[in-house]
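Written out below as structure tokens is the structure these notes cover.
The values are calculated or read from the model by the stated rules, or taken from the named source; none is laboratory data. Please read these numbers as outputs of a predicted model, since none were measured by experiment. For neighbour counting, all protein chains shown are included, and Cβ atoms are generated from backbone atoms with ideal geometry for every residue, glycine included. Remember, those area values only see protein heavy atoms, side chains included, never the ligands or the DNA or RNA. Shrake-Rupley method; radii C 1.70, N 1.55, O 1.52, S 1.80 Å.
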Amino acid sequence: MSKRDYYEVLGVGRDATREDIKKAYRKQAFQHHPDKNPGNKEAEEKFKEATEAYEVLSDAEKRRNYDQFGHAAFSRGGGADPFGGAGDFAGGGFQGFDLSDALRAFMREFGGFSDFEGGGGGGGARARKGRDLQIRVKLTLNEIATGVEKQIRVTKNVTCNTCHGSGAKEGSAPVTCTTCQGTGQIKQVQRTILGQFVNVAECHVCHGEGSIVKDRCRDCAGTGVIKGNETVTVKIPAGVASGNYITVRGGGDMLGRGGRPGDLYVVMDEEVDDRFVRHGNDVLVDLPLTYTQLVLGAKLEVPTLDGKVLLRVPAGTASHKVFRLRGKGIPRLDGYGRGDELVRVLAWVPEKVDKKEEELLKELDKTLSSRAPHLD
């Protein structure tokens with residue numbers, strides 16, 4: 001489905017100021033935020049759409065790119081990434097812009113949904129979330145060409161086995177905070193001649209958790225989490241590049257006492273290959289040939305990511321000639337075909353020759369020198 005114009009999404013003109021754009025986004029986000037519309041998929045999509053539009057139009061450089069090229073500025077091969085990085089596997093843009101991305105962008109800009117109800121504080125107990133983590137995984141070019149499943153060991157906060165995440169000593173349990181009645185939030189209502197304003201702030205007694213631990217677990221000191229390790233299985237598709245990442249939902253730090261875990265971002269690092277140089281989805285390999293092979297032609301095996309294939313070099317080939325092996329490169333991440341392998345033949349010159357070789361070369365030079373082109 002085609003994307004709507006970002007200006008249309010936010011309901012502003014193309015001459016809108018950044019402040020106009022921010023106000024328009026606040027209005028859209030307030031109306032469609034998932035916390036106000038639980039389980040409403042249509043509202044969720046509108047919230048993501050508005051946040052995506054705001055991410056572009058609120059940034060001067062991204063807005064210039066959008067005004068010039070439209071959505072193509074951030075599509076596959078467009079060369080621009082609205083997030084300023086590699087982003088999803090599409091090679092930039094919003095092909096992987098999901099609800100978590102939208103919520104992070106929203107929180108980064110405004111600090112929390114409660115800001116729309118009067119400012120201050122986070123989202124209370126319901127917004128409690130563990131820390132997001134990032135880990136880098138090294139991939140060989142062959143793994144990138146075929147796709148691979150990786151077992152990744154992550155050091156992180158895990159649920160305390162003693163209290164099972166409650167933070168309370170064995171035989172006891174957290175009690176509901178009487179100040180906020182378990183919501184983790186305190187609302188203050190102000191009435192003015194302009195109307196009623198609601199200010200939502202984190203409860204200062206339970207610190208937004210909604211409950212209080214009176215007798216703390218000795219192993220986790222009442223936090224509900226301890227340091228531990230977890231092995232995560234990640235399926236990496238063929239065609240990724242350095243900087244691409246996969247989001248493992250809930251793979252980050254666990255948050256005890258009713259909180260939800262953060263996410264884990266698995267970032268790809270491509271290892272240098274001693275045979276191939278990658279250029280997008282194409283790979284380049286240098287093939288050294290002797291002078292006689294270039295002059296007389298040759299048939300020889302060359303390496304590819306799928307194994308060796310036979311290459312025919314015609315007689316009279318010049319050094320640095322490039323041969324293209326169709327479909328022998330890196331698979332495209334979208335699954336549609338793959339790149340090519342470029343074989344560049346290079347004249348190999350020995351550093352030393354023996355006496356017999358020297359005599360043969362001199363004799364050959366007498367024959368060929370008269371045929372070589374000369375400058376006037």
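Can you compute the FRET efficiency between residue 30 and residue 64 using 1/(1 + (r/R0)^6), with r the Cβ-Cβ distance and R0 = 30 Å? Round to the nearest 0.05.
0.60
Let me understand the stretch 210-351 better: what is its radius of gyration from the alpha carbons, and its Dmax, in angstrom?
When restricted to the Cα atoms of the stretch 210-351, Rg and Dmax are 26.3, 88 Å.
Could you pull out every residue, at least 5 positions away or on a different chain, whose amide H is within less than 5 Å of the one on residue 311? Hs are placed 1.01 Å off N in the peptide plane, and Pro or chain starts have none.
For residue 311, whose amide H was placed from the backbone, the distant partners under 5 Å are 300, 301, 302.
State which entries of 3/36; 3/48; 3/41; 48/156 exceed 20 angstrom in Cα-Cα distance in the structure shown. Please list the in-between numbers first.
Values: 3/36 25 Å; 3/48 12 Å; 3/41 17 Å; 48/156 29 Å.
Going by Cα-Cα distance, 3/36; 48/156 fall outside the 20 Å limit.
State whether the stretch 197-249 is rounded, prolate or oblate according to the following rule on the C-alpha gyration tensor (a ≥ b ≥ c being the square roots of its eigenvalues): a/c under 1.5 gives rounded; otherwise a/b larger than b/c gives prolate, and the remaining case gives oblate.
oblate
In whole Hz, with x marking every Gly and Pro, tabulate ³J(HN,Hα) for the stretch 342-358 from phi via Karplus 6.51 cos²θ - 1.76 cosθ + 1.60, θ = phi - 60°.
Coupling constants for the stretch 342-358: 9, 9, 9, 7, 10, 5, 8, 10, x, 5, 9, 10, 7, 5, 5, 5, 4 Hz.
Test of understanding: what is the full-extension gain from residue 199 to residue 296, defined as 0.36 nm times their sequence separation minus their Cα-Cα distance?
Length gained, residue 199 through residue 296: 26.4 nm.
May I ask you to list the lysines whose Cα is less than 22 Å away from that of residue 355, ignoring any residue fewer than eight positions away on the same chain?
366
Express the C-alpha Rg of the stretch 136-219 as a ratio against the empirical globular expectation 2.2 N^0.38 Å, rounded to two decimals.
Here the Cα radius of gyration is 1.93 times the empirical estimate.
Tell me, in nm to one decimal, what length is gained between residue 42 and residue 371 on full extension, where the rule is 0.36 nm per residue of separation less the Cα-Cα distance?
The residue 42-residue 371 span can extend by a further 110.8 nm.
For the stretch 292-376, which semi-axes, largest first and in whole Å, follow from the square roots of 5 times the eigenvalues of its Cα gyration tensor?
Ellipsoid semi-axes (Å, largest first): 37, 15, 10.
Treating only the Cβ of Lys, Arg, Asp and Glu as charged (+1, +1, -1, -1), what charge dipole size does the stretch 312-376 show about its Cα centre? Round to the nearest 20 debye.
In debye, rounded to 20, the stretch 312-376 gives about 420.
So which lysines pass the test for residue 308, namely a Cα distance under 19 Å, with those fewer than 8 places away in the same chain ruled out?
299, 328
I'd like the accessible area for residue 207, computed on protein heavy atoms only with a 1.4 Å probe and all protein chains in place. Round to 10 Å², please.
Here the accessible area works out near 120 Å².
Kindly state, as a whole number, the per residue volume in cubic angstrom of the convex hull around the alpha carbon atoms of the stretch 293-332.
Spread over its residues, the Cα hull of the stretch 293-332 gives 71 Å³ apiece.
Compute, for residue 58, the solvent-accessible surface of its heavy atoms (probe 1.4 Å) with the complete set of protein chains present, and express it in square angstrom to the nearest 10.
Ignoring ligands and nucleic acids, residue 58 comes out at about 20 Å².
What FRET efficiency would be calculated for the residue pair residue 142, residue 23, taking the C-beta separation as r and a Förster radius of 56 Å, to the nearest 0.05?
My answer for the efficiency is 0.60.
As a test of reading the structure, rank 202, 358, 143 by solvent-accessible area (1.4 Å probe, protein chains only), most first.
Values: 202 100, 358 75, 143 45 Å².
I get 202, 358, 143, largest accessible area first.
Straight-line reach only, C-alpha to C-alpha below 18 angstrom: list the aspartates and glutamates that residue 362 could link to, leaving out same-chain residues fewer than 8 apart.
351, 354
Mind ranking 66, 245, 265, 291 by accessible surface for me, highest first, 1.4 Å probe? Could the numbers behind the result be given before it?
Details: 66 10, 245 60, 265 30, 291 115 Å².
Ranked from most to least accessible, the order is 291, 245, 265, 66.
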